[in-house]
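Please treat every number below as a calculation from the coordinates, not as lab data. Note that this is a predicted model, so its numbers are computed, not measured. When we count neighbours, we look across all protein chains shown, and the Cβ atoms used for this are built from the backbone with ideal geometry, even at glycine.
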Amino acid sequence: MSTPDTCVRARAEIVRLTSGINGLDDSIEGGFPFPSVILVAGSAGTGKTTFAMKYLCEGAKKGEQCLYITTLSEPTQWMMRYAMQFDFMDPSYFDDQIVYMDLGDKLRTMKPNEILNVIDEKIAEVMPTRIVIDPLTVIGNMMGGDYRQFLFDLTNRLKNWNAVTVVTGEVQPNELYPTEIAYAVDGIILLLLSDEVVTRRKYVEVLKMRGTNHATGRQPIDISRREGIIVLKARF
Amino acid sequence: MNEKDLYLMAYLKDNLSAFDNGPVLLDVKSTQFVRVNLLLLKAFSSMPGRPGMFIAVDRPHHYMLHLMGMHQIDPQGLIFIDAISRFAADTKNSHSPANLLNAPSNIDSLPSAIRDWAGNSPHPAPMDLQRCRFAMIDNISSLLLYNSFNNVEVFLQDFIDVLTSHARVQIPLLVDKERNCMLYEAARSLCPHEISVNDGILASMSLTSKRNGIARIVDSNEV
Ligand SMILES: Nc1ncnc2c1ncn2[C@@H]1O[C@H](COP(=O)(O)OP(=O)(O)OP(=O)(O)O)[C@@H](O)[C@H]1O
Ligand SMILES: [Mg+2]
């Protein structure tokens with residue numbers, strides 16, 4: 001609660017959306033700048049989808065509207081089977097607050113501009129404050145030459161909506177992030193695996209976050225049924 | 001729009017109907033400004049013969065127009081005053097008749113322009129002020145990016161004065177109390193009434209709309 005005494009800032013501050021990931025928000029001044037487009041990049045199994053789910057559930061819990069766009073042609077039940085194992089996931093979120101959109105078929109049949117319009121229309125219909133596109137990089141494989149222009153148009157349009165969009169990017173184990181997406185986004189979060197073969201550990205690193213004095217360097221994370229992803233530093 | 005939106009619209013309409021003249025403060029989360037603006041426009045548009053003005057300082061007015069189209073909200077009778085398009089050089093799709101201000105920092109010129117519409121200005125006024133029933137600003141706190149706090153305060157006072165002296169006008173002022181507490185205090189001193197649209201209200205609305213279904217609730221509020 002704010003009283004006039006503590007009420008000293010007259011200038012407009014950046015609005016932020018909490019990520020819902022325990023320990024991460026402390027490293028980014030409380031959350032993602034609103035509106036913005038954030039890239040979550042990592043190789044296979046590093047936790048990108050878990051990150052995205054936790055982020056959406058954080059919004060749904062607060063009564064926000066969310067839009068989950070998959071590019072994988074996965075039927076809802078398939079995604080739900082994995083999503084429902086998490087304690088923070090409430091199936092009733094999918095009644096109205098988290099709207100699921102499968103872009104997979106459209107990617108195969110539509111032109112880039114038509115895809116943009118379909119996304120636009122869905123966003124206008126749902127009016128989400130939180131959007132996820134998971135994984136965005138799949139589009140690149142399908143689209144070929146038009147991909148860079150598509151990414152540019154997509155991120156531009158997304159920034160015009162009042163939402164924070166998390167796009168996930170798959171990379172090879174030796175890559176940090178997909179460079180063609182990185183230049184167009186406001187923030188980059190890396191999910192990393194360490195090199196040790198026996199005790200391979202998972203890390204998160206905030207590489208860039210516009211308008212934000214963010215922590216640098218890797219922080220260990222844990223993935224669990226109870227919390228999804230947590231940043232371990234936060235426990236101490 | 002889903003059930004929760006309709007429920008929220010009914011809530012806004014119901015609460016606003018008690019105050020048909022002057023400013024009403026709405027405590028709204030910053031992230032919900034666009035949604036609440038749209039729901040207010042929908043609520044107002046369902047009252048026929050109630051023209052109003054929408055002042056865009058946060059995002060070019062064609063975004064709101066696009067959203068209104070998507071949600072079947074009739075823009076008839078609504079005039080847009082756009083302070084951001086020219087400034088942001090974002091004039092695409094601005095085929096709709098909007099009145100452009102040069103920049104959000106020129107907002108202090110708006111009340112005197114409105115005063116001219118009511119008086120004997122040589123230029124044709126974009127609307128008959130006597131018939132104006134509501135006036136909205138998409139995001140007052142955005143004005144703080146381009147104007148001093150003091151100027152915003154003076155503007156709000158002037159804006160409310162000029163409108164209410166010429167007509168019975170509802171002026172919903174959206175402020176995020178938690179985020180912009182000084183602006184909230186300033187707006188509160190101008191507004192005799194307040195409506196809360198905070199997290200608690202939104203969350204309870206999801207629950208209620210899930211539990212009850214929306215049909216009955218909307219009926220009871222429909223005039
Ligand atoms: N309940 C759980 N407990 C512990 N670890 C889990 C649990 N669920 C998932 N994980 C870990 O998270 C990984 C998968 O996470 P997720 O699907 O979010 O990753 P991803 O980066 O989206 O993967 P992909 O490249 O397949 O899209 C699993 O491989 C596993 O290591
Ligand atoms: Mg995945």
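Table for the structure above
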| item | result |
| --- | --- |
| Cβ charges +1 (Lys, Arg) and -1 (Asp, Glu), total dipole of chain A, debye | 440 debye |
| Nonlocal amide H pairs with A:M209, under 5 Å, H built at 1.01 Å | A:I188 |
| Alpha-carbon centroid distance for the pair segment A:161-236 / segment B:102-179, whole angstrom | 45 Å |
| 16 Å Cα-Cα reach of B:K13 towards lysines, excluding residues that sit fewer than 8 places from it in its own chain | B:K4, B:K42 |
| Karplus-derived 3J(HN,Hα), 6.51/-1.76/1.60, for each residue of segment B:126-138, Hz, glycine and proline x | x, 8, 7, 4, 4, 8, 5, 10, 8, 9, 10, 10, 4 |
| Amide H partners (placed H, <5 Å) of A:L72, local residues excluded | A:L103, A:G104 |
| Extension gain from A:R108 to A:L193, taking 0.36 nm per residue of separation minus the Cα-Cα distance | 27.4 nm |
| Dipole in debye (nearest 20) - the protein assembly as shown, about Cα centre, beta carbon charges: Lys, Arg +1; Asp, Glu -1 | 400 debye |
| Label-point separation in nm, A:L72 to B:S17, each point 7 Å along Cα→Cβ | 4.8 nm |
| Ranked list, fewest to most other Cβ atoms within 10 Å of each Cβ, for B:R133, B:R35, A:R148, B:R59 | A:R148, B:R133, B:R59, B:R35 |
| Sorted by Cβ density within 10 Å, fewest first, the residues B:H193, A:H214, B:H61 | B:H193, A:H214, B:H61 |
| A:R200 paired with A:Y82, simple spin-label distance in nm, labels 7 Å along Cα-to-beta-carbon | 1.5 nm |
| Order of A:K54, A:K122 - criterion: other Cβ atoms within 10 Å of each residue's Cβ, fewest first | A:K122, A:K54 |
| Chain A - mean residue ellipticity at 222 nm from DSSP helices (-39,500 (n - 2.57) per run, n ≥ 4, rounded to 500) | -8500 deg cm²/dmol |
| Residues B:S165 and B:S105, FRET efficiency given R0 of 35 Å [Cβ-Cβ distance, rounded to 0.05] | 0.90 |
| Amide hydrogen neighbours beyond the local backbone of A:I221, cut-off 5 Å, H modeled | A:K202, A:Y203, A:V204, A:L232 |
| Cα-projected label distance for A:D95 with B:R188, points at 7 Å along beta-carbon direction, nm | 3.4 nm |
